[in-house]
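Heads up, the thing below is written out as structure tokens.
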Amino acid sequence: MPELPEVETVRQGLADVLEGQRLVAVSARRPDLRFPIPADFQSRITGRRVASVGRRAKFLLIRLDGDLVLLSHLGMSGSFRIFSGEAPPLQPHDHIELQTGAGVTVRYHDPRRFGFVDLSAAEDTSVHPMLAKLGPEPLEANFTGRYLASQLRGRATSVKAAILDQRVVAGMGNIYACESLFRAGISPRRTAATVVGKRAEALVSAIRDVLAQAIGAGGSSLRDHRQPSGELGYFQHRFAVYGCAGQPCPGCTCDLASSGGVRRIVQAGRSTFYCAKRQR
């Protein structure tokens, strides 16, 4: 599933072509994705101007004039594609199409249909069921070591499971949790409640650095993610531990024959990758 950096990369690409533009034509080629598409979806947004394209956690928020917000989630395989001038023929899994007055076509493509779109009044967006309980954005000032320690206090679960809880920090996913814990030198198996003080500060700093670098690299393209331009992200080439089982981690001083290199374990049904020597 696309995580925060991938969604932010999509947001940036959409903002470049949608902000300030009027939607002169809108089409939905099926009645539902993960959830039903609003029955009046086309009529409600056709003719409106895009005021801004924002992001909250892993959700895209396209704000239209008239205080209406188009809320979108990419699900497992969703992506947006941008075409200037004449667009190519529609593909089987192109479900939604937006056309602007500037001659740009934006298509939402989703083979597995786990994504969704919804419409919300701007004043109700913060209490939308998908957004109401989200924690702070990890790249904003209110995500601090003190805050994180307060959220982890008393938690007997693993620290990795805790930072994947969207109520603790919004937008984190499996890839960037593994990479952040490696940079912070914290074992993913460590009990969450023990991550306090300098450990909490180190983890917040690592999360910020990893996410910022991933955004700069266009996200990670492992299976379905592409930038709206069609380009792949390339942060996957910088992974320190994710998907690197049996390999040395960066700056490795381990005896691979005895340590086995980066280890893979399963936590809550998800693969976790870490270095047992560097992460405690």
Self-check item: Theoretical FRET efficiency, 1/(1+(r/R0)^6), r = Cβ-Cβ of Thr157 and Glu86, R0 45 Å, to 0.05
Solution: 0.30
Quiz item: Based on DSSP H runs of at least 4 residues, each adding -39500 (n - 2.57), what is the mean residue ellipticity at 222 nm of the chain after dividing by all its residues, to the nearest 500 deg cm²/dmol?
Solution: -7000 deg cm²/dmol
Quiz item: Hey, what angle do you get for helix 174-184 against the long axis of the chain, alpha-carbon based, 0 to 90 degrees rounded to 10?
Solution: 40 degrees
Practice problem: Output the relative contact order of the chain, whole-number percent, from Cα pairs under 8 angstrom with separation of 6+ residues. | Solution: 18 percent
Quiz item: Ratio of the range 145-274's C-alpha Rg to 2.2 N^0.38 Å, to two decimals?
Solution: 1.07
Quiz item: Assuming R0 = 45 Å, what is the FRET efficiency of Arg44 and Lys277, from their Cβ-Cβ distance, to the nearest 0.05?
Solution: 0.20
Quiz item: About its Cα centre, how strong a charge dipole does the range 145-274 have in debye, to the nearest 20, once Lys and Arg get +1 and Asp and Glu get -1 at the Cβ?
Solution: 460 debye
Practice problem: Sort the range 52-92 into rounded, prolate or oblate with this rule: let a ≥ b ≥ c be the square roots of the eigenvalues of the Cα gyration tensor; rounded if a/c is under 1.5, and if a/c is not under 1.5, prolate when a/b is larger than b/c, oblate otherwise. | Solution: oblate
Practice problem: Report the extension gain between Asp32 and Arg112 in nm, rounded to one decimal, defined as 0.36 nm multiplied by the number of residues separating them, less their alpha carbon distance. | Solution: 27.6 nm
Self-check item: Rel. contact order, % - alpha carbon contacts under 8 angstrom, at least six apart, the range 119-256
Solution: 21 percent
Practice problem: Could you grab the relative contact order for the range 1-102? Cα pairs under 8 Å, six or more apart, rounded to a whole percent. | Solution: 36 percent
Quiz item: Fully extended, how many nm does the chain gain between Ala257 and Tyr147 (0.36 nm per residue separation, minus their Cα-Cα distance)?
Solution: 35.5 nm
Quiz prompt | Degrees between helix 4-18 axis and first principal axis of the chain (Cα, 0 to 90, nearest 10) | solution = 20 degrees
Quiz item: According to a simple spin-label model (label point 7 Å from Cα along Cα-to-Cβ), what is the distance in nm between Asp65 and Glu140?
Solution: 2.7 nm
Self-check item: Label-to-label distance, nm, for residues given as Ala102 and Asp16 (7 Å Cα→Cβ offset)
Solution: 1.1 nm
Quiz item: What are the lysines whose alpha-carbon lies under 23 Å from the alpha-carbon of Lys133, with same-chain residues fewer than 8 places away excluded?
Solution: Lys58, Lys160
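Any read-out appearing in this document is the output of simple, stated calculations on the displayed coordinates, not a laboratory observation. Owing to the predicted nature of the structure, the values given are computational and were not obtained by experimental measurement. Reconstructed Cβ throughout: ideal geometry from the backbone, glycine too, with neighbour counts over all protein chains shown.
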